[in-house]
Amino acid sequence: MLGMALAALDSTILATAIPQIVGDLGGFAVFSWLFSGYLLAVTVTLPVYGKLSDIFGRKPILITGIALFLVGSLACAGAWNMASLIAFRVVQGLGGGALQGTVQTIAADLYPMRERPKIQARLSSVWAASAVAGPALGGLLAAYADWRWIFLINVPVGAVALWLIVRHFSEEGRSRPGPGARPPVDWPGALAIFACGGLLLTALVQGGVAWAWLSTPSLLLFAGSAGCAALTVLIERRAAEPIIPGWVWRRRTISAVNLALGALGLLMVAPTVFLPTYAQSVLGLGPIAAGFVLSVMTLSWPVSAALSSHVYNRLGIRTCAMLGIGAAALVLLAFPLLPYPGAAWQPALIMLALGATLGLFQLPLIIGVQSSVGYTERGTATASILFCRQVGQSLGAALFGALANATLNDRLAHAPSGIRSGLPGDLDAVSRALEHPGGLTAQATDYLRRAVDTTVDHVYLGAAAAAALALLALLLAPRRFPVHTDAGGTGTGTGSGSGSGEPDGT
């Protein structure tokens, strides 16, 4: 939980200090890479760390991840300009990739299936606590100390986590290959995955922001990622022990969950990226209150996840997940029905319900995949579903960003002629104008608020479509998830009443 707290706090504590960081180091035009660079490093390293943990064990990979994260944190605290800070954030991300995948895998290694929902819920509670405490702590440190303490605070947390893991975590008795029997690491495949993922995610993150979608940089990045993908397939087919083995996609259980979790990443862009804008621009809330509207989702999610075993033990993992994502689609469809301008409790209630439905969806699928494979495949399987979710989130940011801009541009183009000339031109500019509406007439302010309301409504409709895609992906999964003999529990944990494998599975 302490190791997970490093990654969880980092994702929430930094955003509130951006004005102070930019004021000190400059680099306003590229500060978004503080987040994009970290995301790129985490995403492209997830499958690599997953495979390495299957070969060398979880403990050395987790220790390496925490050490890299702490080195990156110390370097970030000493950054002298924005370029150096971005580079050191990438180092942090190299450690964060090991933290996110390995901690989830260890939970499956240590606990039987009956106990796993409670353990995973405790890990989820780390994210919930960070969602609430991170922005407030970041704001306090930036206002009353120095923004560099945002990174230095990781050191004591990481040091205690390292001490506990080195002292108390043992993998003795696990059936991983001995030193002489270990296959060679597929470093060419790892480099090809780095290149493919890096080019693709850069195109998705920066397309439509730093340059137009059909511009030369976008086309070159997409073409480069396609070429690297083809090269990756060739390398992985010839590798003795590929980083992303073919069985990840040949087994129905894992491939269906990969697609469903990718759709979840797509869906999550709506609340995490656009809800704060809605809360501030339409409801007129401050940043802290807007953050609370979003954070209630992280309060209901772990509670629902902890209780999910009562559902999937009776109905089965696939049915439980389908009920969760089906209910999530209905919750997302309810968002456009909210009155204008409405009250803060209304979107907060919807986020509370959304967190409850997604807790029934995500955790059973992760447990189902982890339980369908043995120890020597569990790291790879876990990393694959987390990797697909991260890629889905990057794709969602691009797609929903384009949808939001298209909707808003249409609303601005059809504004009344009397106010059209003084209106800002994009979503960021509209948000800034509504934060300080003194330069706008009452009619213009109301029109812009309604335009943002319509824009976010369309994004939530897109998120509901992503939930429908996840539901369709689950139809590809077997009705009864298989349970491997060393999954740490009996078949009753899946609610299937069977511990047998599937024909194309384990």
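The values are calculated or read from the model by the stated rules, or taken from the named source; none is laboratory data. Here the structure is a predicted model, which means the values were calculated and not measured. Heads up, the Cβs are rebuilt from the backbone with ideal geometry, glycines too, and the neighbour counts pull from every protein chain shown. These area figures cover heavy atoms from the full protein model, side chains too; ligands, DNA and RNA do not enter into them. Shrake-Rupley method; radii C 1.70, N 1.55, O 1.52, S 1.80 Å.
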Apart from one, (1) out of contact with any Gly (no Cβ under 8 Å at 6 or more places or on another chain); (2) of a type outside the set (Lys, Arg); (3) under 28 Å from Gly286 (Cβ atoms) all hold for Met4; the odd one out is (3)
Scanning segment 192-227 residue by residue, those closer than 17 Å to Trp33 by Cα and outside any helix (DSSP H, G or I) turn out to be Gly207, Gly208, Val209, Ala210, Trp211
**Q.** Any chance Leu365 is assigned to a helix (DSSP H, G or I) and either farther than 23 Å from Pro135 by Cα or open to solvent by less than 40 Å² (accessible area, probe 1.4 Å) (or both)
**A.** yes
By residue number, the members of segment 328-352 that are open to solvent by 40 Å² or more (accessible area, probe 1.4 Å) and part of a helix (DSSP H, G or I) are Leu330, Leu333, Leu337, Trp345, Leu349, Leu352
The residue from Ala413, Ala397, Ala406 that alone is small (Gly, Ala, Ser), under 21 Å from Asp457 (Cα atoms) and touching a helix residue (DSSP H, G or I) at 6+ places or on another chain (Cβ under 6 Å) is Ala397
Those residues of segment 285-343 which are under 21 Å from Ala473 (Cα atoms) and of a type in the set (Val, Ile, Thr) amount to Val311, Ile317, Thr319, Ile325, Val331
Okay, helices (runs of 4 or more DSSP H) sitting entirely in segment 61-174 with 3 or more residues that are buried (at least 21 other Cβ atoms within 10 Å of the Cβ) and not aromatic (Phe, Trp, Tyr), I get 82-110, 116-144, 154-168
Glu236 vs (1) at pLDDT 85 or above; (2) over 24 Å from Gln370 (Cα atoms): all pass except (2)
Of (1) under 20 Å from Arg318 (Cα atoms); (2) open to solvent by less than 10 Å² (accessible area, probe 1.4 Å), Thr357 fails just (2)
| said: Looking for something farther than 14 Å from Leu275 by Cα, buried (at least 21 other Cβ atoms within 10 Å of the Cβ) and without any contact (Cβ under 8 Å) to a residue 60 or more places away in the chain - is there at least one such residue anywhere in segment 306-320? | reply: no
Checking Ala41, Ala8 in turn, the sole residue that is at pLDDT 80 or above, crowded, with 24+ Cβ neighbours inside 10 Å and in contact with a Ser or Thr (Cβ under 7 Å, 6 or more places away or on another chain) turns out to be Ala8
